[in-house]
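Novice: Just passing along the structure, written as structure tokens.
Here, each number is a calculation from the coordinates, and none is a lab measurement. Since the model is a prediction, treat every value here as computed from it, not as a measurement. In this analysis, Cβ positions are derived from the backbone assuming ideal geometry, glycine residues included, and neighbour counts consider all displayed protein chains.
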């Protein structure tokens, strides 16, 4: 079994500095939490960036956790590491929420536009459908009249044949 090598106190400031720099790299996207996105692609990009940053926060937590192993007050150190992770993730969450909210709003907007377009197409086709329906009704009436005429002619012929036999 390989012994895990922990970072000593001399290197703890390096890890802490890296964590601060990682959080500072999030700052440009923080500004976007109040601003709207230009497109769904932009929101997806922000979500991908946040996923990477979330992984970096988790990786930093694992390093902090490993650094706590050799310490005498390990529980306190672990609590501190967990709190640092919680704070970092809490800063990412509003950005995630805004990006997801934007994506949902755009999907709703697109669905509404599609429904409005279908309604417009339906309204444009309505006169044509009404004309076709009226034409079919006239054809049906003409056919019924023709059939009725043939039936009447057949009845008249049968009646005439009946009278001729009497």
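Novice: How much length is gained on full extension from residue 42 to residue 86, taking 0.36 nm per residue of separation minus their Cα-Cα distance? Present the calculation step by step, with values, prior to reporting the outcome.
Specialist: Working: separation 44, 0.36 × 44 = 15.84 nm, distance 2.60 nm.
This chain segment gains 13.2 nm when fully extended.
Novice: In what sequence do 123, 65 fall when counting other Cβ within 10 Å, fewest first?
Specialist: Ascending Cβ contact count within 10 Å gives the list 123, 65.
Novice: In terms of the Cα gyration tensor, with a ≥ b ≥ c the square roots of its eigenvalues, is segment 30-121 rounded because a/c is under 1.5, prolate because a/b exceeds b/c, or oblate? Please list the in-between numbers first.
Specialist: Working: a/c = 4.31, a/b = 4.24, b/c = 1.02.
It is prolate, given that a/c is not under 1.5 and a/b is the larger ratio.
Novice: What is the distance in Å between the Cα centres of segment 35-60 and segment 134-166?
Specialist: Cα centres, segment 35-60 to segment 134-166: 79 Å.
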